[in-house]
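Notes to accompany the following structure.
The values are calculated or read from the model by the stated rules, or taken from the named source; none is laboratory data. Values in this document were obtained by computation on a predicted structure and should not be read as measured data. For neighbour counting, all protein chains shown are included, and Cβ atoms are generated from backbone atoms with ideal geometry for every residue, glycine included.
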Amino acid sequence: LRRQINSGLFYRLPAGRKKGGFLQLAAEGHKVRKAEDIIKDPYVLEFLKLAEPYSEKQLEDKIISNLQMFLLELGKGFAFVARQFRMNIGKKQFYADLIFYNKALRCYVVIDLKAGKLCHADIGQMNLYLNYFKSKVDSEGDNEPIGIILSGDKDVVEIQYAIGGISNRIFASKYRLSLPSPEELKNVIEQAKKEIGCEIR
């Protein structure tokens, strides 16, 4: 609980970022009804203790070594399925970094890790993975898969254009390797106080 407070969880969830969301989260808790409800931005991965520079393989290795903490950061209902999941598409082989299953949404969640900045080509790659999952992996009763691309940085406008027109559920989130600073936490608290009508001292 202390870690979730220190990481500013309420404001990393979609419900917490919208007007009135803080009060709704405080009153009802975090409810998972649709894909957007499981997405955080950013994901806080300070427990990896990863020093820069690092590769995507090092990032993935650290996540696997700290899988329990990563599952807690992902949120409720996630189960680990596979690492470097192989997909034979045409005459090529592709590998998705991490595969999870979300019990609440009854769907696979494909996570692609990017050590650097996310680019539009990464969206196309994730779209390929999700189409493969819909065709070859999903079982009867499964909902369509969700794709999450975790990157160190992203250009929001570029990503909006890249995702536009794609029917698959693809989300691009940043990750950070440190907890928010005291100043960042203070800003979160002040924002919450304003929202609930408290005086800021």
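Structure summary
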read-out	value
In region 48-57, residue surrounded by the fewest Cβ atoms within 10 Å (Cβ to Cβ) [restricted to those that are part of a helix (DSSP H, G or I) and touching a residue at least 40 places away in the same chain (Cβ under 8 Å)]	56
Only listed residue being hydrophobic (A, V, I, L, M, F, W, C), loosely packed, with under 13 Cβ neighbours inside 10 Å and at pLDDT 95 or above, chosen from 79, 27	79
Among the candidates 134, 62, residue that is out of contact with any Leu (no Cβ under 9 Å at 6 or more places or on another chain), surrounded by fewer than 20 Cβ atoms within 10 Å (Cβ to Cβ), in a helix (DSSP H, G or I) and among the basic types (Lys, Arg)	134
Which numbered condition residue 161 misses (of (1) surrounded by fewer than 14 Cβ atoms within 10 Å (Cβ to Cβ); (2) modelled with pLDDT under 90; (3) in a helix (DSSP H, G or I))	(2)
Residues being modelled with pLDDT of 90 or more, closer than 25 Å to residue 47 by Cα and among the polar types (S, T, N, Q) - total across region 164-187	1
Matching residues, region 96-105, being surrounded by 14 or more Cβ atoms within 10 Å (Cβ to Cβ) and under 15 Å from residue 142 (Cα atoms)	99, 100, 101, 102, 104, 105
Cβ pairs under 7 Å, 6+ apart, first in region 163-184 and touching a residue at least 12 places away in the same chain (Cβ under 8 Å), second of a type in the set (Gly, Ala, Ser) and part of a helix (DSSP H, G or I)	169/35
Selected residue [in contact with a helix residue (DSSP H, G or I) (Cβ under 6 Å, 6 or more places away or on another chain) and either part of a strand (DSSP E or B) or touching a residue at least 12 places away in the same chain (Cβ under 8 Å) (or both)] from 141, 124, 152, 147	147
Residue identified as farther than 28 Å from residue 58 by Cβ and among the basic types (Lys, Arg) among 136, 174, 114	136
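Table: residues versus (1) closer than 26 Å to residue 165 by Cα; (2) surrounded by 14 or more Cβ atoms within 10 Å (Cβ to Cβ); (3) within 12 Å of the chain's Cα centre (by Cα).
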residue	(1), (2), (3)
73	no, yes, yes
88	yes, no, no
94	yes, yes, no
111	yes, yes, yes
